[in-house]
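Presented below is the structure to which this report refers.
The values are calculated or read from the model by the stated rules, or taken from the named source; none is laboratory data. In this text, all values refer to a predicted model and were calculated from it rather than measured experimentally. Heads up, the Cβs are rebuilt from the backbone with ideal geometry, glycines too, and the neighbour counts pull from every protein chain shown. Each accessible area value is taken on the protein alone, full model and side chains, heavy atoms only, with ligands, DNA and RNA left out. Shrake-Rupley method; radii C 1.70, N 1.55, O 1.52, S 1.80 Å.
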Amino acid sequence: MTKVILIGLDCAEPSLVFDQWRHELPNLRRLMASGVYGRLRSCDPPITVPAWTCMMTSRDPGELGIYGFRNRKSYEYGALGIASSQSVREDRVWDILGRAGRDVVVVGVPPTYPVRPVNGNLISCFLTPGLDSAHTHPPELQPEIRGLVGDYLFDVEGFRTKDKPALLNRIYDMTRKRFRVLRHLIQTKPWDYFMFVEMGTDRIHHGFWKHHDPSHVKHERGSPYGDVIREYYRYLDGEIGDLLALAGDDTIILVVSDHGVKKMDGGVCVNEWLMNEGFLKVKNYPTELTSPAQLEFDWDRTLAWGEGGYYGRIYLNIRGREPRGVIAPYDVPRVCAELKAGLEGIKDEHGRPLGTRVLFPRDIYREVRGTAPDLITYFGNLDWRSVGTMGHGKVLTRENDTGPDDANHDIHGIFIMSRKADWEKTGEEAAPGAPLSGLTLYDVAPTLLSLFGLPVPAEMQGRVIPEAEDPPFFG
């Protein structure tokens with residue numbers, strides 16, 4: 001019977017895995033050489049939440065109604081809500097497999113907190129509040145994990161920090177514990193589908209990218225942290241090899257990431273820009289950095305406001321939709337066009353256009369559910385983040401208002417697929433073949449179901465990657 005391991009490396013960057021460090025990652029290189037690989041186009045926006053759910057459902061953020069880690073809960077004015085497993089109403093791959101009688105092991109896939117039952121074993125994700133929260137299915141798995149590693153780490157606490165030695169220790173501690181648990185589960189639990197997501201790749205990028213990337217605006221030549229990301233990738237490759245050695249020869253292996261990584265040059269203070277351009281009015285301009293939830297907006301004169309994050313979310317104040325909306329519904333297209341032109345025209349300190357892209361949910365999603373942003377904004381095509389706080393007194397900033405952060409998310413992640421037996425017999429010097437093109441994150445779920453010989457639901461957006469239907473992959 002077919003068995004599949006899916007290795008999720010959050011934020012793993014194709015240029016590092018496929019090119020720059022390929023010869024230093026023997027296990028990943030052998031997987032590429034013995035199978036197929038290519039860049040995996042993420043969803044819009046390329047954010048951890050919702051990207052892993054988009055991958056596992058083959059549905060876009062609009063269909064899911066999940067547009068990021070934080071989402072507007074309704075058209076009332078107020079704070080955003082945090083996404084959770086309760087936000088996911090569509091079947092994920094392991095739900096379909098479980099109903100078909102297949103045993104699953106799922107570890108750390110966002111969002112899986114609060115825990116829902118599966119046909120097998122599950123450990124929840126980085127959104128878990130702490131070890132005192134119920135974080136496993138079945139519940140008796142929880143003390144079993146504690147007996148193995150003590151305090152299991154769901155995430156790296158405070159990864160936006162200036163204390164880089166402590167951050168590095170926490171990343172390695174988290175990853176070591178996760179892989180110890182994974183090796184235990186793969187040997188002691190029944191499974192047909194074994195999936196996990198490692199967050200260390202994402203956290204080390206955000207914490208150390210400026211030390212790695214010479215093109216980063218804050219790059220320091222000769223930094224003692226210059227090789228930190230490279231060494232972590234090498235360490236992670238070894239952990240992957242040790243885990244795969246425990247799988248049977250007929251196991252099919254996938255390695256994927258939800259998005260890639262790129263330098264972050266700075267931030268655009270979106271609400272400062274909206275105020276300067278007359279779209280937003282505040283009753284009292286703050287004297288210190290203040291979040292949108294704490295600002296006193298003059299809603300009777302405000303047309304639009306925004307939220308911070310790796311991409312910009314801009315909301316319109318529409319009459320009949322928001323409690324004190326001012327934009328007539330017929331005037332929404334005009335306001336959107338003005339916003340788009342203005343945002344895409346923002347220039348850097350030297351008068352050069354940032355290269356910002358503005359997307360409209362109605363244009364990029366098959367359906368728009370929940371309370372979506374009215375405009376999705378990639379400042380500098382994701383070279384700049386959105387800064388939601390006000391009080392900066394300027395539109396552009398080189399500092400992040402939520403703490404030190406070197407990187408933003410890029411639109412392409414990685415995809416590798418091979419079979420354990422072929423990986424084992426492939427020499428370390430074998431060169432990968434030509435990469436596949438046109439792969440998208442939405443193709444992963446249909447491909448997984450095809451590998452198990454199960455029908456692909458018509459609602460799924462992606463396609464079965466053709467190579468998965470041919471030997472040696474199809475079991």
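With protein chains left intact and a 1.4 Å probe, residues in the range 123-207 average 39 Å² of accessible area per residue. The calculated FRET efficiency for Glu140 paired with Ala293, based on their beta-carbon distance and R0 = 41 Å, is about 0.55. Note on the range 296-423: with neighbouring protein chains present and a 1.4 Å probe, carbon and sulfur make up 49 percent of its accessible heavy-atom surface.
Pairwise Cα distances in the range 228-347 exceed 19 Å for 63 percent of all pairs.
Scanning the chain for cysteines with no neighbouring cysteine C-beta under 4.7 angstrom from their C-beta gives Cys11, Cys125, Cys269, Cys336. Normalised radius of gyration (Cα atoms, divided by 2.2 N^0.38 Å) for the range 271-331: 1.11.
Compactness of the range 134-186 is given as radius of gyration and Dmax, 12.7, 38 Å, from Cα positions. With q set to 0.19, 0.26, 0.28, 0.29 Å⁻¹, the log10 of I(q)/I(0) for the range 258-305, from the Debye formula over equal scatterers at the Cα positions, is -0.66, -0.98, -1.11, -1.17.
Surface calculation, 1.4 Å probe, protein heavy atoms: Lys263 sits at approximately 40 Å² accessible. A Cβ-based charge dipole, computed about the Cα centre of the chain with Lys and Arg at +1 and Asp and Glu at -1, lands at about 480 debye. Overall dimensions of the chain, expressed as equivalent-ellipsoid semi-axes from the Cα gyration tensor (√(5λ), whole Å, largest first), are 38, 25, 22. The three principal axes of the Cα atoms in the range 313-463 give end-to-end lengths of 64, 41, 26 Å, sorted in falling order.
Surface composition of the range 112-269: carbon and sulfur make up 47 percent of the accessible area, probe 1.4 Å. Per residue, the range 350-433 exposes 40 Å² of accessible surface when a 1.4 Å probe is rolled over the protein heavy atoms with every protein chain present. By how many degrees, 0 to 90 and rounded to 10, does the Cα axis of helix 228-244 deviate from the longest principal axis of the chain? Approximately 40 degrees, to the nearest ten.
With the highest mean first, a sort of the peptides 121-133, 448-460 on other beta-carbon atoms found within 10 angstrom per residue produces 121-133, 448-460. In order along the range 370-387, the Karplus-derived 3J(HN,Hα) couplings, from 6.51 cos²θ - 1.76 cosθ + 1.60 at θ = phi - 60°, round to x, 10, 6, x, 7, 9, 9, 10, 9, 5, x, 6, 6, 7, 10, 9, 8, 10 Hz, and Gly and Pro are given as x.
The calculated Kirkwood hydrodynamic radius for the range 334-391 is 12.7 Å, given to one decimal from all distinct C-alpha pairs.
Structure note, pairs Lys73/Lys210; Lys164/Lys262; Lys73/Lys394: Cα-Cα distances above 26 angstrom occur for Lys73/Lys210; Lys73/Lys394.
Gly438 sits among other residues whose Cβ lies under 15 Å from its own Cβ, and their net charge, with Lys and Arg +1 and Asp and Glu -1, is +1.
Out of every Cα-Cα pair that the range 82-149 contains, those further apart than 15 angstrom amount to 51 percent. Extension gain, Glu220 to Ala430, is 72.1 nm, computed as 0.36 nm per intervening residue step minus the present C-alpha separation. Here the range 52-118 is treated as a Stokes sphere of Kirkwood radius computed over C-alpha pairs; at 20 °C and 1.002 mPa s its diffusion coefficient rounds to 164 µm²/s. Against the chain, whose longest principal axis comes from its Cα atoms, helix 164-188 is set at around 40 degrees.
Taking the Cβ of Phe452 as the center, what net charge do the other residues with Cβ under 10 Å away carry, scoring Lys and Arg +1 and Asp and Glu -1? That works out to +1. When the chain is fully extended, how far beyond the present Cα-Cα distance does Thr402 get from Glu157, taking 0.36 nm per residue of separation? Taking Thr402 through Glu157 to full extension adds about 86.8 nm, to one decimal.
Working note: Debye formula, equal point scatterers on the alpha-carbon atoms of the range 4-135, no solvent; log10 I(q)/I(0) at q = 0.16, 0.17, 0.22 Å⁻¹ is -0.95, -1.03, -1.33.
Over all pairs of different C-alpha atoms in the range 293-380, the reciprocal of the mean inverse distance, the Kirkwood hydrodynamic radius, equals 14.1 Å. In the range 52-192, the ratio of gyration radius to Kirkwood radius, Rg to Rh, stands at 0.99 when only Cα atoms are counted.
In the chain, helical runs assigned H by DSSP with n ≥ 4 each contribute -39500 (n - 2.57); averaged across all residues and rounded to the nearest 500, the mean residue ellipticity at 222 nm is -8000 deg cm²/dmol.
Tilt of helix 332-344 relative to the longest C-alpha principal axis of the chain, in degrees (0 to 90, nearest 10)? Orientation of helix 332-344: about 70 degrees from the principal axis.
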